[in-house]
Amino acid sequence: MVPVASTTVSKQRSERRISVRLPLKVRGRDAHGFAFEEETSSENLCRNGAAFITRFDVAIGSDLEIRIPLSQYGSRRAQPERAGSPANGDRFAGSRFHETDFATHGRVVHVCDSESGREKLVGVQFTGPRFQRVFRSESAA
């Protein structure tokens, strides 16, 4: 028997994803039930979902919170501003985001090993608001 390196929900995407790297904050529970929060970046995205690399082991069907700090998109190296306390009502403790930032929920529909083998490439389908911005693929530039 040959081991399967990728696990996917058998459902085809309704839109083509665009290769673009945007900063992401992802929050959820790993496959063992432990809460995590991670800053990463998108590998690709469309209005209905995104793919990103994570160091956490997440299971298909897991629900995640996803935030894209669009207010800082102009500066790819920029990091989210830190607020003094999570009392500001933001679900992502310690981070300050602007109204232009995109926040949604997503369900994990694909997990496979990344090229490095130490991390996972995770595909999520947005279950909350859809992503409304349009970007040109970085590979087309």
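So A5 fits all but one of (1) among the small types (G, A, S); (2) modelled with pLDDT of 95 or more; (3) on the phi < 0 side of the Ramachandran plot; what number is the exception?
Single failed check for A5: (2).
Step by step: first the residues of the stretch 113-132, then only those that are touching a Lys or Arg at 6+ places or on another chain (Cβ under 7 Å) and among the hydrophobic types (A, V, I, L, M, F, W, C), then the one that is surrounded by the most Cβ atoms within 10 Å (Cβ to Cβ). Which residue is that?
It comes out as V124.
On the basis of being surrounded by 12 or more Cβ atoms within 10 Å (Cβ to Cβ), at pLDDT below 50 and not hydroxyl-bearing (S, T, Y), does A93 make the cut? Show your work before the answer.
Details: surrounded by 12 or more Cβ atoms within 10 Å (Cβ to Cβ): yes; at pLDDT below 50: yes; not hydroxyl-bearing (S, T, Y): yes.
The answer is yes for A93.
Being farther than 18 Å from R107 by Cβ and touching a residue at least 12 places away in the same chain (Cβ under 8 Å) is the filter here, so list the residues in the stretch 13-36 that pass it.
Taking the stretch 13-36 first, the residues farther than 18 Å from R107 by Cβ are 16, 18-23, 32, 34.
Residues satisfying the conditions are R16, I18, S19, V20, R21, L22, P23, H32.
Is it true that E81 is modelled with pLDDT of 50 or more and either surrounded by fewer than 17 Cβ atoms within 10 Å (Cβ to Cβ) or among the polar types (S, T, N, Q) (or both)? I'd like the intermediate steps shown before the answer.
Values: modelled with pLDDT of 50 or more: no; either surrounded by fewer than 17 Cβ atoms within 10 Å (Cβ to Cβ) or among the polar types (S, T, N, Q) (or both): yes.
Here the answer is no, as E81 does not meet what is asked.
For the condition surrounded by 14 or more Cβ atoms within 10 Å (Cβ to Cβ) and at pLDDT below 95, what is the one hit in R27, R16, R21?
Exactly one of R27, R16, R21 is surrounded by 14 or more Cβ atoms within 10 Å (Cβ to Cβ) and at pLDDT below 95, namely R21.
The values are calculated or read from the model by the stated rules, or taken from the named source; none is laboratory data. Model, not experiment: these values are computed from the prediction. Reconstructed Cβ throughout: ideal geometry from the backbone, glycine too, with neighbour counts over all protein chains shown.
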